[in-house]
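Below is one structure; the comments refer to it alone.
The values are calculated or read from the model by the stated rules, or taken from the named source; none is laboratory data. Quick caveat: nothing in here was measured; it's all calculated off a predicted structure. Cβ coordinates were reconstructed from backbone atoms using ideal geometry, including for glycine residues, and neighbour counts include every protein chain displayed.
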Amino acid sequence: MKKISRKKGPVVSKKIVYDGIQFASGLEKYMYIALQKAKIDFEYEGKTYQLLDTFQFDSSSIERQSNGKGDFIDRGNKKVLGIKYTPDFEGYKWTCETKGRANESFPIRYKLFKDWVRRNDPGRLLLKPQTNAECNEAVEIIKNHLKNVKGCTNE
């Protein structure tokens, strides 16, 4: 019986230029084309959300650098950068993040974005297709969603 190997290590996707836009992956390009064919209004990486504000940490924090290197010393008493999130595609009351393989930080960032939506834009449809077939399904879901959203400009 052949052993199935799982991909390991950091996610490295091939950058692809199409229509004058540099996409982070082939899946993003596929979704872009699918949305265009369906005549759905959208923006590609059009908005960045501030999920956690930058703050001053005024206590000691004995640790190594984030990458695990360096000395075990006080790295506190300094500014901590906030967390931002830029979805791949957005339209009227929907957001789509194409994600074949997520990097290490994505799951927590996506949870924070879901919380942002819960607090600031309830009713927004979130989609996260991981394959071309799921992108096709997502397009159909978006079309149905737009039919049901009041004030939709895409009818």
Original post:
From the list 92, 110, which residue is without any contact (Cβ under 8 Å) to a residue 40 or more places away in the chain and of a type in the set (Phe, Trp, Tyr)?
Top reply: 110
Subject >> Pairs where the first residue, in the range 127-148, is within 13 Å of residue 38 (Cα to Cα) and the second is at pLDDT below 95 and of a type outside the set (D, E, K, R), C-beta under 6 Å, 6+ apart >> reply: 146/152; 146/154
Original post:
Among strands (runs of 3 or more DSSP E) lying entirely in the range 44-155, which contain 3 or more residues that are touching a helix residue (DSSP H, G or I) at 6+ places or on another chain (Cβ under 8 Å)?
Top reply: 49-52, 94-96, 125-127
Original post:
When both residues are 6+ apart or on different chains and their Cβ atoms are under 7 Å apart, which pairs have a first residue that lies in the range 41-65 and is acidic (Asp, Glu) and at pLDDT 95 or above, and a second that is assigned to a loop (DSSP other than H, G, I, E, B) and surrounded by 11 or more Cβ atoms within 10 Å (Cβ to Cβ)?
Top reply: 41/92; 41/154; 45/86; 45/88; 53/82; 58/77
Subject >> Breaking point among (1) touching an Asp or Glu at 6+ places or on another chain (Cβ under 8 Å); (2) farther than 20 Å from residue 31 by Cβ; (3) aromatic (Phe, Trp, Tyr), for residue 55 >> reply: (1)
